[in-house]
Amino acid sequence: MSDRTVLSSRGMRLLWARALSRDIELRLAVAWPPTTNPQMPADRFPEPDGGGYAREMVPGTSWNFADDLAEAMPRTFRFSSPPAGAPSIVGQVLVDKETGTLLYAERFAEGPVPFPPTGELILTVTPTIRWREGAG
């Protein structure tokens with residue numbers, strides 16, 4: 001944001017609440033694009049291929065809002081085997097289910113989650129959107 005614009009934290013919550021009133025897809029990313037920008041499409045974040053991966057739906061009614069974040073109930077991803085060519089999961093991607101529009105993407109704060117060489121991986125992700133007043 002520039003010094004000519006103001007977006008209050010209350011206004012940000014209201015904007016996100018309206019955007020999240022629709023069904024949202026929670027996707028996992030196996031790589032982070034080398035550059036990012038606000039207009040990039042959701043498919044710039046590659047997803048796991050195989051291993052039992054499936055996108056999770058987050059209903060629009062399931063979000064809880066606080067001062068600087070929105071969270072939904074955790075979702076569990078189960079992989080029966082490592083996906084092809086993906087050594088780890090690096091973050092979460094939230095996409096509007098109806099339009100396919102990228103809403104938010106975030107790398108995991110604790111770093112990539114590696115796949116074991118064989119066997120099962122169970123990964124629980126809490127869909128989260130963070131913002132802060134005055135960010136820009």
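Readers should treat all values here as calculations from the given coordinates under stated rules, not as data from a laboratory. What you see is a predicted model, and the numbers here were worked out from it, not measured in a lab. Here Cβ is always computed from backbone atoms with ideal geometry, including for glycine, and neighbour counts include all displayed protein chains.
So here's what we get for this one:
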| item | result |
| --- | --- |
| Some residue of the stretch 27-43 being closer than 15 Å to residue 125 by Cβ, in contact with a Leu (Cβ under 8 Å, 6 or more places away or on another chain) and either surrounded by 18 or more Cβ atoms within 10 Å (Cβ to Cβ) or without any contact (Cβ under 8 Å) to a residue 40 or more places away in the chain (or both) | yes |
| Unique residue being under 29 Å from residue 12 (Cα atoms), assigned to a loop (DSSP other than H, G, I, E, B) and of a type in the set (Asp, Glu) when the list is 106, 98 | 98 |
| Count of the stretch 77-91 residues which are touching an Asp or Glu at 6+ places or on another chain (Cβ under 6 Å) and not in a loop (DSSP other than H, G, I, E, B) | 1 |
| Condition broken by residue 51, with the remaining ones in (1) in contact with a Leu (Cβ under 9 Å, 6 or more places away or on another chain); (2) loosely packed, with under 12 Cβ neighbours inside 10 Å; (3) on the phi > 0 side of the Ramachandran plot; (4) not hydroxyl-bearing (Ser, Thr, Tyr) satisfied | (2) |
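Here's the yes/no breakdown for (1) under 13 Å from residue 28 (Cα atoms); (2) free of Cβ contacts under 8 Å to residues at least 40 places away in the same chain:
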site	(1), (2)
52	yes, yes
82	no, yes
95	yes, no
131	no, no
